[in-house]
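Contents: one structure, followed by commentary.
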Amino acid sequence: MQQVFLKSDSIVSPLGFGTMVNLRELRLQNSALKLQKPTSKYSAGYYAAIFEEEIIDRSFSLIGNCDDYTKLEKMLILAIKDVIDKEALVDPLSTGLVIATTKGNIDLLNSNKITKERVELWKMAQVVANFFGFKNKPIVVSNACISGGLAIKTAADFIKSGKFENAIVAAGDLVSDFVLSGFQSFQAMSEKACKPFDAERNGISLGEAAAAVFIDGQTSQEQKVEFVHSVTTNDANHISGPSRDGEGLYQAISRLKHFTGITSEEIDAISAHGTATIFNDEMEAIAFNRSNLNDIPMHSLKGYFGHTLGASALIESIMLKQSLLKNELIISKNFESSGVSASLNITTEATQKELKMALKTASGFGGCNIAMLFRKMKAHV
């Protein structure tokens with residue numbers, strides 16, 4: 001079976017522009033989560049990672065007209081542009097473009113700034129594709145919080161089938177009134193910066209960001225990370241709540257291990273979904289214990305970026321790739337003491353150790369789950 005690799009990547013978030021800038025902020029334990037101004041729905045304010053559009057425009061104005069694009073489109077374009085600048089193999093005529101998002105431009109639904117058609121996900125994706133002159137129609141993946149991971153799988157499947165020679169996967173979402181209202185109705189927002197898996201966790205903190213990665217089937221002389229395989233499942237437990245016994249995530253991990261022949265002992269690190277809601281973190285803890293992964297070092301990055309919805313699984317996969325390449329475990333921010341019923345090995349200290357194989361998981365509304373396996377490959381000499 002053809003191998004597929006994750007190559008150049010980029011993250012555009014309130015922590016900065018570019019993957020290395022964001023990684024530096026994580027190493028410094030800096031979070032993008034800030035207390036936002038009170039609103040009609042949140043009289044005491046709310047914690048979120050929001051990217052000021054003026055800062056985005058300073059960078060975007062160097063490559064395009066800021067007035068022609070929405071905030072999300074500009075973030076996606078900046079992330080993709082950074083990847084294209086690093087990769088000589090990107091050819092708009094043969095490279096595929098897969099874009100993951102849950103809400104797209106829905107923040108402008110009642111605005112006169114764009115046409116109503118631009119709120120449709122396919123149209124937003126086409127606007128981004130047209131900026132770079134991609135010949136192939138962009139593919140949109142929108143499946144709740146697993147969207148970013150599912151987009152990697154989609155791109156890999158198209159490359160292996162011969163549809164694309166290579167592909168750029170991009171993902172992005174914003175913190176809009178629409179999203180805030182939705183999570184308020186679930187009473188799922190944390191009063192403070194979120195604390196994944198902690199005893200004092202009481203909900204999520206939202207974030208906005210975009211990311212992109214170049215997916216390619218060709219080898220290179222550089223040390224690289226292979227996207228080995230992924231499995232998706234749906235537990236159909238509830239439209240907005242995970243299964244209490246972790247069955248869906250457990251099945252995704254179990255089938256991933258079965259298909260790849262990888263054992264739990266061969267996995268060196270785990271990037272969990274870790275939203276910091278009571279039910280999600282408990283479900284994950286049960287699923288990881290049922291999978292005999294409770295001793296594997298694990299982190300959630302929601303304490304740094306917030307929950308970036310459709311972008312989260314892609315951002316966290318990129319950071320997991322960096323962990324593998326740099327043999328570095330990233331601290332799970334805001335975790336102090338365990339608040340889940342099953343034991344986990346949450347990373348609380350930055351650690352250097354040899355890492356070869358890593359697992360990324362995500363779960364989302366509607367009962368969707370994804371388990372993804374990444375492997376570091378030795379450089380060719």
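Only the coordinates and a few stated rules stand behind these numbers; no lab work does. Everything quoted here is computed from the prediction, not taken from an experiment.
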Largest-first principal axis extents of the Cα set of the chain (Å): 59, 51, 39
Theoretical ellipticity at 222 nm over the chain - DSSP helices of four or more residues, -39500 (n - 2.57) apiece, nearest 500: -9000 deg cm²/dmol
Integer Hz, Karplus 6.51/-1.76/1.60 couplings in order for the range 43-55, x for Gly and Pro: 5, 9, x, 7, 8, 7, 9, 10, 9, 5, 5, 4, 5
Relative contact order (%) - criterion: Cα under 8 Å, at least six apart; region: the range 143-246: 28 percent
Square roots of five times the Cα gyration tensor eigenvalues for the range 202-293, Å: 27, 19, 13
Sorted largest first, extent of the range 234-334 alpha carbons per principal axis (Å): 38, 33, 22
Cross-link pairs Lys153/Lys356; Lys74/Lys224; Lys74/Lys333 - those with Cα-Cα distance over 24 Å: Lys74/Lys224; Lys74/Lys333
Selected from Ala125, Ala236, Ala156 as most flexible by GNM, with the chain as the system and alpha-carbon contacts under 10 Å: Ala236
Debye equation applied to the C-alpha atoms of the range 202-251, log10 I(q)/I(0) at 0.26 Å⁻¹: -1.03
Alpha-carbon centroids, the range 194-235 and the range 102-157: separation in whole Å: 19 Å
Cα-based radius of gyration of the range 279-381 once divided by 2.2 N^0.38 Å, which approximates compact folds: 1.09
